Amino acid sequence: MTVKEFKDLPGFSDKNTEELSSIGITTVDQLKDAVSDAEKSKEIVKALTGVGPKTIEKWQAAFAGEEVKAPAKKEAKEEEAAEVVEANAYAVQPKPELDDETVEALAQRAVISGKRPAFKRQEWYRYKMLGEMWRKPRGIHSKMRRRFKKRPAMVEIGYRGPAKARDLHPSGFEEVMVYNAEDLEKIDPKKQAARIGRTVGTKKRVAIEDRAKELGIRVLNRMV
């Protein structure tokens, strides 16, 4: 390795140039002589920011024409990081085979859902104990039931989405509940996707996800 400028040295920063000048070193040859001297090396370590005994050893090797290699630990860490990135790389999930009518129905449903009001229980804002969950108003004098002006919207059939897209997952799959790996055999991967039951434990869930990957079945509630 040939050192012509300070920047050629490993671990050398622009700030170190000014710090070297403060101790009387302005050229590469002067630094080369100083690095070879034990006392001068200690002075450099004290004066320069981010420079320690190991950096001085690297500079000595660089001035001697030797190739400076990164530590084995650093290389190992970089390899491990690359393996982790590769292991966690995103895999494209299977998609359903849908006809044009279903695709259009899913798009229409998304638009309708965006415009649909939030149906809340009558006087939910007045009595905290009632909660917001929808209940049909049945009182004789209920102004909401009688559809007076400026009253919240009520659930009606007209707010429903297209029948073609009804009960489908937003991805277009038909959801099928699964509780063990054997249940996956009944699923059609072109139209159906699996949803693992909430009572399934981690060990069995991992087995289901591995088997689903082999069969090309999409799991809607994967752990990762």
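Read the figures in this text as sums done on the coordinates, not as results from a lab. Note that the structure is predicted; figures quoted are calculated from it, not measured. So basically every Cβ, Gly included, is an ideal-geometry build from the backbone, and we count neighbours across all protein chains shown.
Taking the number of Cβ atoms within 10 Å of each Cβ as an exposure proxy, the fewest-first ranking of ARG109, ARG146, ARG198 is ARG198, ARG146, ARG109. Using alpha carbons only, how many degrees (0 to 90, rounded to 10) separate the axis of helix 202-215 from the longest principal axis of the chain? The helix 202-215 is inclined about 90 degrees to the chain.
Coupling constants for region 115-123 follow from the phi torsions by the Karplus curve (6.51 cos²θ - 1.76 cosθ + 1.60, θ = phi - 60°), and in residue order they are 8, 5, x, 7, 7, 10, 4, 4, 6 Hz; glycine and proline get x.
Here the Karplus curve 6.51 cos²θ - 1.76 cosθ + 1.60, taken at θ = phi - 60°, turns the phi angles of region 27-40 into couplings of 10, 5, 5, 5, 5, 4, 5, 5, 5, 6, 9, 4, 5, 5 Hz, with x standing for Gly and Pro. Ordered by the number of other Cβ atoms lying within 10 Å of each residue's own Cβ, fewest first, ARG138, ARG195 fall into the sequence ARG138, ARG195. Available extension along the chain between LYS143 and ARG126 is 4.6 nm, counting 0.36 nm per residue and deducting the alpha carbon span. Summary: within the chain, the longest segment free of GluC sites (Glu not before Pro) located in DSSP loops with at most 13 other C-beta atoms within 10 Å is 157-224. Projecting the Cα atoms of SER36, SER22, ALA194 onto the dipole axis of the chain, where Lys and Arg carry +1 and Asp and Glu carry -1 at the beta carbon, places ALA194 farthest toward the positive end.
For a straight C-alpha distance cut-off of 19 angstrom, the lysines reachable from LYS46 (same-chain residues fewer than eight places away being disregarded) are LYS15, LYS32, LYS54, LYS58. Between LYS191 and GLU156, take the C-beta separation as r, use R0 = 45 Å, and let me know the FRET efficiency to the nearest 0.05. After rounding, the FRET efficiency stands at 0.90. Computed extension length for LEU215-ALA38: 57.0 nm, one decimal, from 0.36 nm per residue of separation with the Cα-Cα distance subtracted. Helices in the chain, meaning DSSP H runs of at least 4 residues, each add -39500 (n - 2.57). Divided by all residues, the mean residue ellipticity at 222 nm is -12000 deg cm²/dmol.
Counting neighbouring beta carbons within 10 Å and listing from fewest to most, the residues VAL200, VAL51, VAL111 come out as VAL111, VAL200, VAL51. Pairs of Cα atoms nearer than 8 Å and 6+ residues apart set the relative contact order; for the chain it is 14 percent.
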